[in-house]
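Values in this text are rule-based calculations from the coordinates and carry no lab data. The model shown is predicted, which means the values in this text are computed figures rather than measured ones. Every residue, glycine among them, receives a Cβ derived from its backbone with ideal geometry; neighbour counts consider all protein chains shown.
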Amino acid sequence: MIQYLQNNVAVIQAALSQHVFLALVPVLIGIVVSLPVGYLAVRFGFLYHPLLNLSGILYAVPSIALIVLVPTIVGIQILSPLNIIIALSVYTIALLVRVVADGLKSVDPLVTEAASAMGYRRLRRLVSVELPIALPVMLAGLRVATVANVSLVSVGALIGVGGLGALFTRGQQLDYTPPIVVGIVLSVLLAAVCDGIIVLVQRRVTPWTRAAGRIAA
Amino acid sequence: MITFEGVSKVYPDGTVAVEQLDMELPTGELTVLVGPSGCGKTTSLRMINRMVTPTTGRVLIDGVDVAGQDEALLRRGIGYVIQAAGLFPHRTIVENIMTVPALVGTSKKTARATAVELMERVGLTSAMADRYPVQLSGGQQQRVGVARALAADPPVMIMDEPFSAVDPIVREGLQAEFLRLQRDLGKTIAMVTHDIDEAIKLGDNVAVFQEGGRLAQFATPRELLANPADDFVAGFVGRDRGFRSLSFDSAASLDVAPLSEVTTGPEQLVLDQAGRPLGWTGAGLGSTASPTPTGGAFQTTDSLRLVTDLAITSPVGVVVRVDEDGVADGVIRHTSLMQQLEARRRREVDPA
Amino acid sequence: MSDGLLGYLLDPANWQGGGVRASIPELVLTHLWYTVQALVVAAVIALPLGLYIGHTGKGSFIAINAANAGRSLPTLGLIILLVVIMGLGFGPVLIALVILAIPPILTTTYAGIRAVDPAAIDAARGMGMRPLQVLFRVEVPIALPLISSGLRNALLQLVATSTVAAYVGIGGLGRLLIDGLSLNDYGRVVAGAVVVAALAIVLDLLAAGTQRLVVSPGLTGRIPKRQLRRTAPAAPAPALAPADGVAATTSTPETSTPAPASSDRDGASS
């Protein structure tokens, strides 16, 4: 194992950096798209069910199928990193739209009423009141999406673009466990680090949730 | 009868929840356990159906130690009502009520019939039978809780703050209906509340507990108001206990003056054609055509507390008594009332 | 180009059995068989475990964090690792599938049991139900919305993982994807993707329908219209009291917003 690590630092590093890129870009795209879409689903009641049902369907579809179907629809090469990014973005958006919508819905209507009564206009109220209150739920969903993405990127190895997944296929072809183990360990560590970062951000940004936890304890 | 013999409850960390409790709750009566938080009333209550085991002592129901019996079978014979109702949200109302009969093996048909009958008894319509708890208001859920406890017709019932989770108006209604129910059923009931007024209103007996799990006094409501055992009980019962104790005495014992006393003179009672009081007229009061309202009248079935209150609110310090048809048949002045109350007090202190 | 890509899917020869290659329906059945096997084994392990941990509170750390940990395991990596260690065949794959399916079932079962209103449990005990009766007549039915959403999650996950597992040589719809990729037959790849996507959607709908049948309407709030005529003042849903810190610590939308598992037609969240 150690020998493998020593001899293949470059390969591992390349795989890892590709993995980070392929995992995080869809997350960012997902956040950017799901916030307005989720908001619209809540703002216009008639959109809620259609949007959420659509999200549900897209989420149910196995990601490998998405990875392969996206190029057929969009018209690009199947064996391209763009597929992974688009497919994972679709998956992340499908997950986060629901989380954003439910997070906003979970804000106590009495609070939003109070805000309006104090003179907040709609946009300011959304940004200053509703989003912060909905943040814990949304950040919880973001953790799930990020960890899932980190795990899913390696499936891209099936089309040759898999970040750490390349280590898995390597190991399988050579019938050799070290790269597989290294790949799994790094993938899990990466997921844990991303998860931890979001938790830290959550603590910084929503300090009131910790206080509530202490009182309840 | 429920008996506590030398019962105490001490938790592993040393907290004494109940201290040397000896108490007897008479059969067929409603005994209310009341006291401030941490006084051990709920712990004591829960020892009756063995949700809590005593550290020392025994709890007996009709002479049989509850510890010797099968836990589950014991509980199926004791009605259990808790504060949050604890209804099963996944079952309909009627299914909730049928829980214990189902446990003891009653046929579904019989159980359902009993359940529907009980629903009407506690003030719910049978149309609600197939609804779910989530569709009911808080007061309605409490009623279901009571019906559920009564379903297997247990001789004993224990109730933990059954009416405190609803607003005061609903609570009053529930209390009144529960009293009516108990008059019909005559079960042996132990009830816990933190509200001394509720205890005095509902209980045949009241057990006042003190912080630390000590029983401070066990007495009838009237006795409790008249003779609190110590400063704690007196303080807990409240300052106007003298006035409140008047609730237990009937106005039938009052001597009233005849109506002729108020048909002439500076203040006159105006009656309608049937003889019902309309109001007062005279110096500083309304005219004969529109007299100042009396503010209310009492019957012989009312309490002295009501009469005293009417005497205070009457515009002329005179209270009118009426019969069942509302026809005035006597008056009493506040001075006469106070003299009679004073005479009554002296009789109680020195019967000779 | 699209004509070529859909060619395999639309060719009737690929839908009839008896040929050299497995037909699409045969692959679907094999795929389902793998999925069901793994789901049953995972459920047999995770359901009792989740019920036990939820009921007693012991070992809650495992239950709370299982879903997170499980989600961070790369599926392809785990499958390949087990195959390299244990050899080819369905056995190692089944083990990998089960390992990946246990966490969502375990965590949501635990969360479901913890979320049951303590008053309902106290009432059940006080009325004379024995511990197992309390568990199966009260706790499990009340926790059923969450438990069933966990099973639904696991089901979808297994459909996806079984597809990927074709890489190590087993059957199922993934075969079309893997073989198609290695033969540059993109028509075959698309066929596999379309059919597996359709299969996943159909199974999700079936799962949602089953949930609706099995979960008491008193829990989901889906009261039949005829009973809604009278507007009773809304009482707070009595059973699903906020779970003690589970929602925060598990960080799964499964507890607050079961994301894939409740996209049912009428939108009531399970």
Quiz prompt | Reachable aspartates and glutamates, given that their alpha-carbon falls under 17 Å from the alpha-carbon of B:Lys108 and they are not under 8 places away in the same chain | solution = B:Glu95, B:Glu117, B:Asp130, B:Asp153
Quiz item: For the modelled label position 7 Å from the Cα of A:Thr177 along Cα-to-Cβ, which residues of region C:60-97 have backbone nitrogen atoms closer than 20 Å?
Solution: C:73-97
Quiz item: For the residue pair B:Val10 and B:Gln175, what label-to-label distance in nm results when each label sits 7 Å from Cα along the Cα-to-beta-carbon direction?
Solution: 3.8 nm
Quiz item: Mind ordering A:20-28, A:154-162 by average Cβ neighbours within 10 Å, highest first?
Solution: A:154-162, A:20-28
Practice problem: Relative to the longest principal axis of the C-alpha atoms of chain B, give the angle of the C-alpha long axis of helix B:334-349, reported between 0 and 90° and rounded to the nearest 10°. | Solution: 50 degrees
Practice problem: With springs only between Cα atoms under 10 Å apart, run a GNM on chain B and tell me which of B:Ile189, B:Ile82, B:Ile312 wobbles the most. | Solution: B:Ile312
Quiz item: Across the residues of A:163-169, average count of Cβ atoms on other protein chains within 10 Å?
Solution: 4
Quiz prompt | Estimated dipole of the protein assembly as shown in Debye, rounded to 20 [Cβ of Lys and Arg +1, of Asp and Glu -1, Cα centre] | solution = 2420 debye
Quiz item: So in the protein assembly as shown, what percent of DSSP beta bridges are antiparallel if you round to the nearest 5?
Solution: 60 percent
Practice problem: Could I have the simple spin-label model distance between B:Thr301 and B:Thr264, label points 7 Å from Cα toward Cβ, reported in nm to one decimal? | Solution: 3.6 nm
Quiz item: What do you get for Rg/Rh of region B:251-348 when both radii come from the Cα atoms and Rh is the Kirkwood radius?
Solution: 0.97
Practice problem: Can you put C:Val83, B:Val270 in order of Cβ neighbours within 10 angstrom, beginning with the fewest? | Solution: B:Val270, C:Val83
Quiz item: What ranking of A:Cys194, B:Cys39 emerges when the number of other C-beta atoms within 10 Å of each C-beta is taken as an exposure proxy, fewest first?
Solution: A:Cys194, B:Cys39
Quiz prompt | J(HN,Hα) series, region B:14-29, from Karplus relation 6.51 cos²θ - 1.76 cosθ + 1.60, nearest Hz, glycine and proline x | solution = x, 5, 9, 8, 9, 10, 6, 9, 10, 7, 10, 9, x, 5, x, 10
Quiz item: Averaged over all directions, how much area does the convex hull of the C-alpha atoms of region B:2-247 cover when projected, in nm²?
Solution: 13.6 nm²
Quiz item: Residue-wise, which Karplus ³J(HN,Hα) couplings in Hz belong to region C:141-158, taking 6.51 cos²θ - 1.76 cosθ + 1.60, θ = phi - 60°, and x for glycine or proline?
Solution: x, 6, 7, 4, x, 6, 4, 5, 6, x, 5, 5, 3, 4, 4, 4, 5, 5
Self-check item: Signed unit charges on C-beta, dipole axis of the protein assembly as shown, positive-most listed residue B:Leu33, A:Ser80, B:Gly296
Solution: A:Ser80
Exercise. Calculate the dipole size of chain B relative to its Cα centre from +1 charges on Lys and Arg beta carbons and -1 charges on Asp and Glu beta carbons; express the result in debye to the nearest 20.
Key: 840 debye
Exercise. Calculate the mean, over all residues of peptide A:140-151, of how many other protein chain Cβ atoms lie within 10 angstrom of the residue's Cβ.
Key: 5
Quiz prompt | Least to most buried among B:Val18, A:Val11, C:Val36 (fewest other Cβ within 10 Å first) | solution = C:Val36, A:Val11, B:Val18
Quiz item: Under 14 Å Cα-Cα from A:Lys105, which aspartates and glutamates qualify once same-chain neighbours fewer than 8 residues away are excluded?
Solution: A:Glu113, A:Glu130
Exercise. Report, in debye and to the nearest 20, how large the dipole of chain A comes out about its Cα centre when Lys and Arg carry +1 and Asp and Glu carry -1 on their Cβ.
Key: 660 debye
Self-check item: Cβ neighbours within 10 Å from other chains - mean over A:43-55
Solution: 2
Quiz prompt | Relative packing of peptides B:170-177, A:118-125 - highest average C-beta neighbours within 10 Å first | solution = B:170-177, A:118-125
